[in-house]
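Single-structure report; data block below.
The values are calculated or read from the model by the stated rules, or taken from the named source; none is laboratory data. These numbers come from a predicted model, not from an experiment. Note: ideal-geometry Cβ built from the backbone for every residue, glycine included; neighbour counts use all protein chains shown. Ligands, DNA and RNA are excluded from the accessible area calculation, which covers all protein heavy atoms including side chains. Shrake-Rupley method; radii C 1.70, N 1.55, O 1.52, S 1.80 Å.
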Amino acid sequence: MYKDFTKYMFQHFENSYNIGWKENITLKEKEINNTIDDKFIDNLELFCKFPINISKDGKYKIIEKNGEKYAKGFGEIRVLNEKNNIRYAAPNTILDDIIEGIYIPPQEFIKAVKNGPKPDEIEYKQFILKYTAKNYWGEDEEYAKKITHIISSLKKGVSTLKREIQSENIINCVTDKGSLLNYAIQEKKTEEALYLIESGIEINTFEGIELLNAIRNNLTEVAKLLIEKDIYMEKDELKRNPLFQAIRCKNKDIVLKLLAPKQDLVKTYSNEYVKNYTILDAAERCKDEEIIEIVKNIVQHKEIKNKLNR
């Protein structure tokens, strides 16, 4: 699932930081940690009693009690850090992961759970009232209007977008399509997307989704610039590896750029759908002779290099 401090995009896009979706425990962390006290556990338990975004696709755990097994979870929690005006999104199984010793949350989250508003307090209840699609899932009404306005500006063209971006500090807002950059890419607005990248928009908060969408939408110039700017590239999951995406989309230019040694995206995957699935398998499936030849040359070169290094 999602790494800590990336932005939430599970059921929708939201300006909340992911916490606790992946296991992270090490023995050393467990030994030196002393901030997970009774106050933290009690407060976190209260959050978990008031889950949101209930979904059968949500993270869950199989619990055994009195000899019977049952599924627990499927919901999420939101924790508010009012001091820094940020929010955290976590599965409501996070408490079980912490108690079982397979996950330790970052200090910022621990402090927010201890010191921030609780689900039974007025500040939190006010947040829940704003937790709607109209308010971009938790934003104040005024800020939500600014997001809607900047989206409208993007649709009108790059000159309008430039003027509005310069007058409002909103370049890193989260829209209903993710980052403003991802919105431009989804709308196939090449000039606007390039402008946002060069203007310093954050490109690594959504785990590289902008690159994947640039490849899918054949925005080659945008994809190349994102790669040059060191956008995050997923290697653990087949469907989110941009090299495999570029092969499927038959984008020779991006395939060549992603085959550069420093990217290290040449992986073999096995899951419930494929076994020992390689880039050569992907290339042969796409049935593009040029891409097949490129991939074959890379695979052969890598095999020869591995033999020489033995």
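For the reader, a short list of remarks on this structure follows.
- Within segment 32-75, considering residues that are among the charged types (D, E, K, R) and under 16 Å from Tyr103 (Cα atoms), the one surrounded by the most Cβ atoms within 10 Å (Cβ to Cβ): Lys59
- Residue tally, condition under 28 Å from Ile201 (Cβ atoms) and surrounded by fewer than 15 Cβ atoms within 10 Å (Cβ to Cβ), over segment 264-277: 1
- All positions within segment 166-220 that are in a loop (DSSP other than H, G, I, E, B) and over 20 Å from Met9 (Cα atoms): Glu168, Asn169, Lys188, Lys189, Ser199, Gly200, Asn218, Leu219
- Qualifying residue in segment 158-173 (condition: touching a helix residue (DSSP H, G or I) at 6+ places or on another chain (Cβ under 7 Å), surrounded by 15 or more Cβ atoms within 10 Å (Cβ to Cβ), closer than 21 Å to Glu76 by Cβ and in contact (Cβ under 8 Å) with a residue 60 or more places away in the chain): no
- Helices (runs of 4 or more DSSP H) fully within segment 86-153 counting 1 or more residues that are surrounded by fewer than 20 Cβ atoms within 10 Å (Cβ to Cβ), among the aliphatic types (A, V, I, L, M) and in contact with a strand residue (DSSP E or B) (Cβ under 8 Å, 6 or more places away or on another chain): 122-130
- Test: Leu80 is farther than 17 Å from Tyr17 by Cβ, open to solvent by less than 30 Å² (accessible area, probe 1.4 Å) and among the hydrophobic types (A, V, I, L, M, F, W, C): no
One line per residue, one yes/no per condition, for (1) modelled with pLDDT under 95; (2) at negative phi; (3) aliphatic (A, V, I, L, M):
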residue: Leu226; (1), (2), (3): no, yes, yes
residue: Leu238; (1), (2), (3): yes, yes, yes
residue: Gln245; (1), (2), (3): no, yes, no
residue: Cys249; (1), (2), (3): no, yes, no
residue: Val266; (1), (2), (3): yes, yes, yes
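- In summary, Asp176 fulfils each of the numbered conditions (1) open to solvent by 10 Å² or more (accessible area, probe 1.4 Å); (2) more than 26 Å from Gly58 (Cβ to Cβ) with the single exception of condition (2).
- Matching residues, segment 1-31, being at pLDDT below 85 and more than 13 Å from Ile98 (Cβ to Cβ): Met1, Thr26, Leu27, Lys28, Glu31
- Test: Ile209 is within 16 Å of the chain's Cα centre (by Cα) and at pLDDT 95 or above: yes
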